[in-house]
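Asker: Sharing a structure, written as structure tokens. Questions coming.
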Amino acid sequence: MSELTLQIKGMTCAACATRIEKGLNRMDGVQQAIVNFALETARVELPSHLNETAIIERIQKLGYDATVERIDNADEIQAEREAEIRRQKWKFFVSALLSFPLLWTMIAHFRLDRFLWTPEILMSPWVQLALATPVQFIIGFQFYHGAFSALRNKSANMDVLVALGTSAAYFYSLYMTLLWLQSGMSGHGALPHLYYETSAVLITLILLGKYLEALARGRTSNAIRSLMNLQPATARIERDGQIEDVPIDKVQPGDTILIRPGEKIPVDGEVLSGLSSVDESMLTGESMPVEKEAGAQVMGGTMNQNGMLRIAATRLGRDSVLARIIAVVKQAQTSRAPIQRIADRISGIFVPIVVGVALLTFIAWYLLIDPGNFAAALESAIAVLVIACPCALGLATPTSIMAGSGRAAENGILFKGGEFLETTHALQAIVLDKTGTITSGQPVLMDVIALNGCDEATLLRLAAGAEQSSEHPVAGAILEGAVARGITPGTVSEFEALSGRGVRAVVDGRHVLVGNIRLMQSEQIAFEQAAYIKNSQSSAMQSASGSGTEDRSAVERILMDAARITSGLESDGKTAMLVAIDQKPVGILSVADAIKSSSRSAIGLLRKMGLEVYMLTGDNERT
């Protein structure tokens, strides 16, 4: 079995979606077809021998059009949706402009004209006819077209109800206008009872609903697009000694791909050669980059930090990790919640029932309630037709699921289906991941430990100067931490990023190394017996007091093993970076993922809702 996703054009209400879904599910071999009216998509599970052409032809026979949804036509689909929003917007505004004078005439009908002046010209049947006609047949043509297509295919949808109701009001008013003209009362005497405003205002209100509906679709599709945009459009392939950029969908399994520093990894693969750090936070939430070397696995959409990588493509297209995440979001938006299944079943038979009820209402009114009053009977039947449209019934639930799951995806929360979204009201406990959820997901400078008599200001100025040319998240944390402490980074004249180890730079004429213990060992710099000065008061507090003297109890000089310091920092969930200046160990900097400012209040709110809140983490208990 394979899965096919189609974009469907021409649906106007939930009854259309139900009709297409029934038609597809009747096809031999189709395992399941789910049509989502709100997203205008169909998801079809079918055997490999049944091709997409047969599915599209079936949809076309039902009076609609369909195209296969692909990554390379996502921009085209988005452009069509934006154009549809613009069309519905202009239709609504023009319709509202023409309908407003007709709505004004209703004031006179309700005997409220003494409160608001009504121009006499608006009461003219000819003026009302001139205003209502373009709304009915030009702006409202889409309803006639939709109704004709539905009836031709032996079905009924919302367009049938709108066309019936508004046409009844319009043509009855036209009939009364012609009678008024024939009776010779043009220009004087009593005016006929007209309902031009009924048809025009109803079309305007329905167009407003169409415009809001198009806006909702556009916003939700942005969630999918933002996920798709995480993957680069091209990949740099090495074939037969030649390097070329090819579209992502042209990459074959086993292709060798080159990824330079600062570039996104285009596909899932295995590292063939190279050493680098990869930022995988977009998938894992972990703020610290992961070291990658030959044999390591990499995922499409993640960011290569500071070294050249050669990888062999392994999982492509819908098999990649990112594609599977996108598929989960799409499946959630197209899946049905239990309540939606009930609404869809009702919508499928709603239109003929409403037409029948409207007919019975007319007969009852004309024969029993107000015998012989054709106008009152017709008005009551029109009210049934236009008020009982199934659009709200068929649209409310899928639009809510679409909007809710889309907004959640934008915030990094994925629902696997509509039924899970529906049952969130019954939750009793919630488990929160630590990194990127409770914490910010971005490293922050925490500890500044000066060694061998180097002061903190000098340590930070030179270390931040060396790191300002690096793209590593740890480098950004050190730089931001120095600036936040009021320290201006030094001037860099030379810089070199050392993959998997750190950086080497010349800052203010001094040779600076910032990195891990492997870097210091390779440079033969011994941190084992470095003098550690621990200040009980910060330099900021000392300067504020104006005292240049140091209390002997506030300063402690000890000899410590650097491994013990870094081990202690790392046991607290921090990443330690060693700093050497002119081949001399001068300090240790630590960075860590800080708790979000909103986490405490958010967890407090969850507890007030009666939820038990747990934290899930791979860190040790102390952290």
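Asker: Output the pairs from K89/K210; K574/K596; K210/K330; K61/K330; K210/K416; K91/K154 with a Cα-Cα distance over 18 Å in this structure; if there are none, say none. Intermediate values should be presented prior to the final figure.
Answerer: Values: K89/K210 9 Å; K574/K596 16 Å; K210/K330 22 Å; K61/K330 26 Å; K210/K416 28 Å; K91/K154 29 Å.
In this structure, K210/K330; K61/K330; K210/K416; K91/K154 exceed 18 Å between Cα atoms.
Asker: With a probe of 1.4 Å, find how much accessible area segment 245-330 has per residue, and write the answer as a whole number in Å². Before the final figure, lay out the partial values.
Answerer: Values: 3570 Å² over 86 residues.
On a per-residue basis, segment 245-330 sits at 41 Å².
Asker: Per the 1.4 Å probe, what fraction of the accessible area of segment 232-282, in percent, lies on carbon and sulfur atoms?
Answerer: Numbers: 1100 of 2450 Å².
Exposed carbon and sulfur together represent 45 percent of the surface.
Asker: Give me the extension gain from V613 to D433: residue separation times 0.36 nm, minus the current Cα-Cα distance, reported in nm with one decimal.
Answerer: Details: separation 180, 0.36 × 180 = 64.80 nm, distance 1.08 nm.
Working it through step by step, the gained length comes to 63.7 nm.
Asker: Describe numerically, in nm with one decimal, the distance between label points set 7 Å from Cα along Cα→Cβ at T234 and at R86.
Answerer: Going from the T234 label point to the R86 one covers 2.8 nm.
Asker: Arrange the peptides 130-136, 493-499, 596-602 so that the one whose residues have, on average, the most other Cβ atoms within 10 Å appears first. Provide the component values of the computation, followed by the final result.
Answerer: On the way: 130-136: 20.6, 493-499: 15.9, 596-602: 12.3.
Highest to lowest by the protection proxy: 130-136, 493-499, 596-602.
Asker: For M308, which sequence-distant residues (separation of 5 or more, or a different chain) have an amide H within less than 5 Å of its own amide H, given hydrogens modelled in the peptide plane?
Answerer: L275
Asker: I've got another one for you. Given H placed on each backbone N at 1.01 Å, which residues far from T439 in sequence or on other chains put an amide H within less than 5 Å of it?
Answerer: For T439, whose amide H was placed from the backbone, the distant partners under 5 Å are K596.
Asker: Something else: With the other protein chains left in place, how much accessible area per residue, in square angstrom, belongs to segment 404-473 at a 1.4 angstrom probe? All intermediate terms of the calculation are to be shown ahead of the outcome.
Answerer: On the way: 3340 Å² over 70 residues.
With the other protein chains kept in place, segment 404-473 gives 48 Å² per residue.
Asker: Roughly how many Å² is the accessible area per residue of segment 1-52, as a whole number, for a 1.4 Å probe?
Answerer: Numbers: 2110 Å² over 52 residues.
With the other protein chains kept in place, segment 1-52 gives 41 Å² per residue.
The values are calculated or read from the model by the stated rules, or taken from the named source; none is laboratory data. As the structure is a computational prediction, the values presented were derived from the model and not from experiment. Reconstructed Cβ throughout: ideal geometry from the backbone, glycine too, with neighbour counts over all protein chains shown. Note: accessible area is taken over every heavy atom of the protein model, side chains too, but ligands, DNA and RNA are not part of it. Shrake-Rupley method; radii C 1.70, N 1.55, O 1.52, S 1.80 Å.
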